[in-house]
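The values are calculated or read from the model by the stated rules, or taken from the named source; none is laboratory data. The model shown is predicted, which means the values in this text are computed figures rather than measured ones. Using ideal geometry, Cβ is built from the backbone for each residue, glycine included, and neighbour counts are taken over all protein chains shown. Areas reflect the complete protein model, heavy atoms only, side chains present, ligands, DNA and RNA absent. Shrake-Rupley method; radii C 1.70, N 1.55, O 1.52, S 1.80 Å.
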Amino acid sequence: MVSTQPYGTAPVDLTPGSFEFSMHMISPGSASLFGLLSAVLYTSFSPVPVDALNNGVGKLPALGYNTWNAYGCNIDEDLVLESAQLMVSLGLQAVGYEYVNIDDCYAEKNRSASGDIVADSVRFAHGMKNLTDQIHKLGFKTGIYSDSGWFTCGGYPGSFQNELRDATTFQDWGFDYLKFDNCAIPFDDIIREGMIGKYTRMSDALAQLSQSSGQPPFLFSLCQWGWEQVWLWGSTLGHSWRVTGDIAPEWDSLALIINFNSFITQATDFYGHNDMDMLQLGNGGLTFDEAKSHFTAWALMKSPLLIGTNLSAITLDILGILTNTEILAINQDPVVGKSISPFRWGINPDWTSNSTSPAQYYSGPSENGTVFMLLNTLNETSDMFFNLTESPWIRAGRQYSVRDLWTHTDNGTAVRNFTAVDVPPHGVVALLLNDAGDEPAGIFPPCAVWFNCAYENGTAAN
C-alpha cells in the first residue's frame, strides 16, 4: 500500500534486519527511539508464551481513581475520601469504577524505629486504616503505592529489601491494590538482578502474604515504564504493566502511547493487561474529540482505566465520556479478554511505527460482536473507509448491522465496506458490528478480495 506521510514525519522501516544500531543506554524519555527499538524487537521475535498470574484477582482491567494526575503530592485524607464520595455521587461507581487509589507522597520521609513505612502524621492524621475503612464502607476497594527501589519517585521510602514488611503494612492498613514504581534502583553489585528479578521480589512477597494470612491477594500493578520488554513477562508477576513513560494531557503523548501499544496488543488478555497509564481526561490540553479518542483507545485496548482529574470540578462532557457504558462494556468483557489490534495503518504503510501518527484502523472480537475503532490522526476532518474483511473477525459473503458506540444508534447494515464521514481532527469512531445474514445476491465482484479469487473453472473473478 502506498500512502503519503503526515507532517513531514518519515515512516520507519520495521523489516527485520533492515538496519543496525549500537546502544549503550536508551533513556525512557527518548520516546521515538525507545518506541522504535521495542517495536523492532517485538516484530522480529515471537513472544514466548507465558502463564498469566491467575490468582483470583485482576481478570479484567482495573477501573477506578488515582490521585496522581490531578494532585501529585498534594494529597491528604480529606481529599481522598472526598474523591471517593464524588465517585458515588457522580455515578462513576454505578458504571463499574471500583478502586480508589492513593499514589506517591502519603508517607513520612523516614521509616519508624522498627523499620515500617509510616503514614504522614499531619496529612493522614487519623491513619490509613481509618481511611480505607471509610472507603470500603462506600463500596470501593482501595489502592496504595510503593517502589521497587530504595525510594519512591517522590523521595519517600521505597520497598527494596522490605517487600514482605511493606506488603504486610499495606494489608494491615486495609489496601487491596499495589502500584509498584521503578525509581532509585539499587546498584548492580547490590541487587544483582534484572527487571524481572526486581519485580519478582514484591510479587513473591504478595503471594506469600496472601497464603500466610488467608486474605485475597493484592491486585499488583507494575509501573516500570515498559523497560526490558515487560509485555513478554509481566503477566507472570502482576496483573498490569506500564508500557511507556508517563502520560501527559496532550495529543502528542496520546499518539505516542497508542502507537507503541499497537505493536504489543497480543500481550493483553484475562489476568494481564498492557497499562497505557492513568487517564488524563479533564486535565486540560485535550479537545473534546481528543478526550473521546483517549478514552476509547484505552478502553478498547483493554488498558486499566484510572480516572485522574479533580472530580469536584469535572465537566458534564468529560463525565459523559467516562460513563459511556457501551465503551466500558468492551473493556470489561467477561468472555473475550483480548485487545483490539490494527488491521490497517492508514496514513502510513502497514507496520510503520510513527509516534505522531499511529495506526488508524483497529478491530477485535467481543462477547457481543466485532469491535472497530477508527482513529483520525490528522489535523483535519476526514472520511475513513475500510473493507469489512480487512478485519480477520469478519466473514466474507455476509452483511453486518452497525452500532455506533458513541452516538448510541443503530446505523443500518454494512455490505462489503463502511465509510465514517467527517471524523473530526484527532477524533474517533467506535462501532460494534454483528452478522445480519448473507449479503445481497448479484454483487460484483463476487468476492471481497477480488484480486485473489476465481470461478470454479479457474477463471479469475476480475
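This table checks each residue for (1) closer than 21 Å to residue 306 by Cβ; (2) among the β-branched types (Val, Ile, Thr).
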residue	(1), (2)
111	no, no
120	no, no
142	yes, yes
162	no, no
172	no, no
183	yes, no
195	no, no
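Within the stretch 437-446, is there a residue that is under 22 Å from residue 251 (Cα atoms) and exposed (fewer than 12 other Cβ atoms within 10 Å of the Cβ)?
There is no residue in the stretch 437-446 that is under 22 Å from residue 251 (Cα atoms) and exposed (fewer than 12 other Cβ atoms within 10 Å of the Cβ).
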Q: Please note which strands (runs of 3 or more DSSP E) are completely contained in the stretch 296-409 and include at least 1 residues that are hydroxyl-bearing (Ser, Thr, Tyr) and touching a strand residue (DSSP E or B) at 6+ places or on another chain (Cβ under 9 Å).
A: 341-344, 361-366, 369-375, 382-387, 398-404
Q. Restricting the search to the stretch 401-416, which residues are within 16 Å of residue 383 (Cβ to Cβ) and open to solvent by less than 60 Å² (accessible area, probe 1.4 Å)?
A. 402, 404, 414
Q: Being in contact with a Ser or Thr (Cβ under 9 Å, 6 or more places away or on another chain), within 26 Å of residue 203 (Cβ to Cβ) and of a type in the set (Asp, Glu) is the filter here, so list the residues in the stretch 51-105 that pass it.
A: 51, 103, 104
(Q) Name the residue that is least open to solvent (accessible area, probe 1.4 Å), counting only residues in the stretch 425-436 that are touching a Lys or Arg at 6+ places or on another chain (Cβ under 6 Å) and closer than 14 Å to residue 394 by Cβ. (A) 432
Q. Can you pull out the residues in the stretch 302-335 that are aliphatic (A, V, I, L, M), open to solvent by 30 Å² or more (accessible area, probe 1.4 Å) and within 17 Å of the chain's Cα centre (by Cα)?
A. 329
Q: Collect the residues in the stretch 447-460 that are open to solvent by 100 Å² or more (accessible area, probe 1.4 Å) and either touching a Phe, Trp or Tyr at 6+ places or on another chain (Cβ under 7 Å) or not aromatic (Phe, Trp, Tyr) (or both), keeping them in residue-number order.
A: 452, 456, 457
**Q.** Selection count, the stretch 157-195, where residues are over 28 Å from residue 133 (Cα atoms) and open to solvent by 20 Å² or more (accessible area, probe 1.4 Å)
**A.** 11
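Would you confirm, using the coordinates I've provided, whether residue 412 is touching a Ser or Thr at 6+ places or on another chain (Cβ under 9 Å) and without any contact (Cβ under 8 Å) to a residue 12 or more places away in the chain?
yes
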Q: Only one of these is buried (at least 19 other Cβ atoms within 10 Å of the Cβ) and closer than 20 Å to residue 268 by Cα: 364, 346. Name it.
A: 364
Q: Take the residues in the stretch 163-186 that are at pLDDT below 95 and of a type outside the set (Val, Ile, Thr), then tell me which one is farthest from residue 147 (Cα to Cα).
A: 186
